[in-house]
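Data block below; observations after.
The values are calculated or read from the model by the stated rules, or taken from the named source; none is laboratory data. Small disclaimer: the values here were computed from a predicted structure and weren't measured. FYI the Cβ positions are ideal-geometry reconstructions off the backbone, even for glycines, and counts take in every protein chain you see. Ligands, DNA and RNA are excluded from the accessible area calculation, which covers all protein heavy atoms including side chains. Shrake-Rupley method; radii C 1.70, N 1.55, O 1.52, S 1.80 Å.
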Amino acid sequence: MIKKTLLVGMAASTVVMLAGCADPYEDFEPEWTPTGARPTVNFDAKVAPRAEALDIRYTLRNQGTEPVVAYVGVDSGDAPRAYDVYVTARKDGTVEVAKRTFAIPPNVNADAIGYIEGVVVPPGEEVTEEFSVPLPLEGDRPYLSSVKLPEPVREVVFCLGAVLQSEAAAPKPAEQGRGKYPLNGPQHLFCSPPAKL
């Protein structure tokens, strides 16, 4: 619902093995780097764990003077649904459930950039959603076929990507007044407090 109103020979082989284990795109999502000016928004979000799902609710209110694009529609292959999210692990083991953009990893040849749907939030207005994500969580990230999560998952946050409209790429049209923005596009990330599972 839209409202107005993410041993030399032996030693050498050991180092290689350890380096392989530490590949950040296998074990955790590299720390996100902000792009451009930070939008002036108020972000209120809560993750409420239940036995079989995470109930997530968030509101992003534009408190600035420029329109903001909030990334709200993750491409699942069908029409985007509110509960479609990306799921990755941070270096500290926190699992991030998100609607956001992602950098293309080094040495990954992306056949297509892909898109994420966004909605323009004018000054003084807001976007809000409530949805449930089934448990157990499964890793999901664009540009990679395998995403590892901690076992077990102990802490979860929900994050939303947003960017000033003036810094976003020109979108392709989408339904429900949304636009399709590049999946590797600019963003600032706004996150909920962590929830324990």
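Taking the numbered list (1) surrounded by 20 or more Cβ atoms within 10 Å (Cβ to Cβ); (2) assigned to a loop (DSSP other than H, G, I, E, B); (3) of a type in the set (D, E, K, R) in turn, residue 151 passes all entries but (1). Against the list (1) modelled with pLDDT under 95; (2) among the hydrophobic types (A, V, I, L, M, F, W, C); (3) open to solvent by less than 40 Å² (accessible area, probe 1.4 Å), the condition residue 197 fails is (3). The conditions of being at pLDDT 95 or above, in a loop (DSSP other than H, G, I, E, B) and of a type in the set (A, V, I, L, M) are not met by residue 160.
So is residue 155 modelled with pLDDT under 95 and more than 19 Å from residue 83 (Cβ to Cβ) or not?
On the way: modelled with pLDDT under 95: no; more than 19 Å from residue 83 (Cβ to Cβ): yes.
Taking the combined requirement at face value, the residue does not satisfy it.
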